[in-house]
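S.K.: Below is a structure I'd like to ask you about.
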Amino acid sequence: MQSVQRVTSLAIHPGQARSLHLTSIDLPSVGDEDVQVRMIRAGICGTDRELIAGHFGKGPEGSHELVIGHELLGIIESAGKDVVGFGPGDLVVATARRGCGCPACEAGESDFCSAHGYKERGITGLHGYYTERFVESFRNLVLIPHSIEKTGVLAEPLSVPHKAWRVANGVQSRIRSWNPKTAVVYGAGPIGLLATLALRARGLDVYTFDIKSAPNVSQEITERCGATYVCTADRGVESLKAELPSVDVIIECTGSTAPLASAMQLLGNNGVLVLLSGTGGKVERTFPADVINRQFVGGNKVMVGSVNSSLADFQAAVNDLQLFDELWPGLAESMITHRIPGLEAAIDLERFAEGAVKAVIEISPS
């Protein structure tokens with residue numbers, strides 16, 4: 001009988017704050033449509049930090065642990081006999097969400113799951129990618145060209161603003177003359193910076209808002225791609241509106257509801273505001289409801305939420321990572337400011353990643 005292989009992983013006890021620890025889990029056998037992937041590096045994001053803080057998370061059925069992590073770059077070691085388009089030596093990323101069987105999920109749109117019965121790698125119901133190896137269906141993988149090995153781990157976070165851009169354009173199909181020129185991105189963290197690069201690559205004039213004063217690394221990245229960095233600390237919305245042209249699209253990705261009223265008032269006529277921040281708190285805020293309502297009705301404005309992403313968004317992200325290197329060599333890679341040397345060191349993740357624009361765990365560098 002073949003022995004079960006176990007792999008070292010980094011896990012939490014869901015709902016228990018500061019429970020990050022090393023563990024080992026069984027590595028599933030490789031099925032006919034599966035591949036076995038060796039992890040190269042994993043990205044750290046705000047969701048991981050909230051999981052570590054105990055704010056949410058759910059382990060696989062029957063497990064008191066959850067291996068976290070949903071941003072990755074890996075290399076295929078072996079493949080089942082029915083795998084198509086992938087083979088040993090290929091670099092890959094994998095999606096996180098697995099559908100529940102609702103109509104949206106059955107249609108291949110688990111990012112629009114209506115029943116909220118989905119599972120997500122490293123978040124709820126499925127172990128994630130802070131591990132030495134994992135086994136996954138080839139249908140949930142996207143190829144990463146070796147030419148972007150250094151930035152491939154950014155494909156998952158970049159897929160999120162790509163989903164937002166897809167949603168924005170879908171909503172704006174209501175306007176036959178839609179031709180956006182000016183965009184505002186709230187937040188200069190990893191998602192905000194990637195959104196900035198993606199919008200600039202499409203020719204939009206981009207203003208990236210953040211509360212951090214310049215100079216800083218995020219400001220440098222913003223300006224190197226031709227966008228404008230705006231420190232919004234102590235700035236009112238009327239002051240911001242006076243300096244900007246009419247804003248066609250806003251992507252909000254600060255992780256907070258603090259800029260919501262400002263964003264709604266800043267949006268131009270016929271514009272679309274896309275919210276990406278999933279906030280788990282219960283903060284109550286006061287804003288000029290009548291003014292905002294009048295502006296939205298009179299200006300044909302739209303506000304829409306967007307979460308997760310599809311395989312198509314991942315592929316668009318991969319294409320953009322290649323485009324970024326053509327337009328601004330080395331710029332996307334410069335976002336990765338902190339590298340943690342292995343899973344064992346990552347137990348002290350918060351200390352290692354302090355002050356990072358983007359931090360990654362170098363699990364098994366290629």
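The values are calculated or read from the model by the stated rules, or taken from the named source; none is laboratory data. Bear in mind the structure is a predicted one, so any value in this text is a computation, not a measurement. All Cβ positions, glycine included, derive from the backbone under ideal geometry; neighbour counts span all protein chains shown.
S.K.: For the stretch 4-31: of the residues being among the β-branched types (Val, Ile, Thr) and assigned to a loop (DSSP other than H, G, I, E, B), which is modelled with the lowest pLDDT?
M.R.: Val4
S.K.: Please verify whether Pro215 is without any contact (Cβ under 8 Å) to a residue 12 or more places away in the chain and outside any helix (DSSP H, G or I), treating the condition exactly as stated.
M.R.: Criteria met by Pro215.
Residues are listed down the side, and each one gets a yes or a no for (1) in contact with a Gly (Cβ under 8 Å, 6 or more places away or on another chain); (2) at pLDDT 95 or above; (3) in a helix (DSSP H, G or I); (4) buried (at least 16 other Cβ atoms within 10 Å of the Cβ):
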residue	(1), (2), (3), (4)
Arg235	no, no, no, no
Ile251	yes, yes, no, yes
Glu284	no, no, no, no
Asn300	no, yes, no, no
Ser309	no, yes, no, yes
Leu321	yes, yes, yes, yes
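S.K.: Only one of Ala42, Ala79 is touching a residue at least 40 places away in the same chain (Cβ under 8 Å), touching a Leu at 6+ places or on another chain (Cβ under 6 Å) and not β-branched (Val, Ile, Thr). Can you tell me which?
M.R.: Ala42
S.K.: Right, next: Can you tell me which residues in the stretch 78-94 are exposed (fewer than 15 other Cβ atoms within 10 Å of the Cβ) and either within 25 Å of Val307 (Cβ to Cβ) or not small (Gly, Ala, Ser) (or both)?
M.R.: Lys81, Asp82, Val84, Pro88, listed by residue number.
S.K.: Looking at the structure I just gave you, is Gly330 part of a loop (DSSP other than H, G, I, E, B), out of contact with any Phe, Trp or Tyr (no Cβ under 7 Å at 6 or more places or on another chain), of a type in the set (Gly, Ala, Ser) and more than 17 Å from Glu149 (Cβ to Cβ)?
M.R.: no
S.K.: Looking only at residues in the stretch 253-282 that are part of a loop (DSSP other than H, G, I, E, B) and not small (Gly, Ala, Ser), which one is surrounded by the fewest Cβ atoms within 10 Å (Cβ to Cβ)?
M.R.: For the stretch 253-282, the residue satisfying everything is Lys282.
S.K.: Determine which member of the set Ser78, Ser63 is in a loop (DSSP other than H, G, I, E, B) and among the hydroxyl-bearing types (Ser, Thr, Tyr).
M.R.: Ser63
S.K.: Next up: Quickly run through the stretch 193-212 and pick out the residues that are surrounded by 20 or more Cβ atoms within 10 Å (Cβ to Cβ), part of a helix (DSSP H, G or I) and touching a Leu at 6+ places or on another chain (Cβ under 9 Å).
M.R.: Result: Leu194, Ala195, Leu197, Ala198, Arg200.
S.K.: Let me ask something additional. So which residues in the stretch 333-348 are touching a Lys or Arg at 6+ places or on another chain (Cβ under 9 Å) and in a helix (DSSP H, G or I), if there are any at all?
M.R.: Correct list: Glu333, Ser334, Met335.
S.K.: So for the stretch 270-277 (the condition being assigned by TED's automatic domain parsing to the domain that holds Leu141, touching a residue at least 40 places away in the same chain (Cβ under 8 Å) and under 27 Å from Gly203 (Cα atoms)), does at least one residue qualify?
M.R.: The answer is no; no qualifying residue exists.
S.K.: Please tell me if Trp165 is at pLDDT 95 or above, within 21 Å of Val302 (Cβ to Cβ), of a type in the set (Phe, Trp, Tyr) and part of a loop (DSSP other than H, G, I, E, B).
M.R.: In short, no.
S.K.: Name, by its number, the condition in (1) farther than 28 Å from Ala356 by Cα; (2) assigned by TED's automatic domain parsing to the domain that holds Glu77; (3) buried (at least 23 other Cβ atoms within 10 Å of the Cβ) that does not hold for Ala168.
M.R.: Among (1) farther than 28 Å from Ala356 by Cα; (2) assigned by TED's automatic domain parsing to the domain that holds Glu77; (3) buried (at least 23 other Cβ atoms within 10 Å of the Cβ), Ala168 violates only (2).
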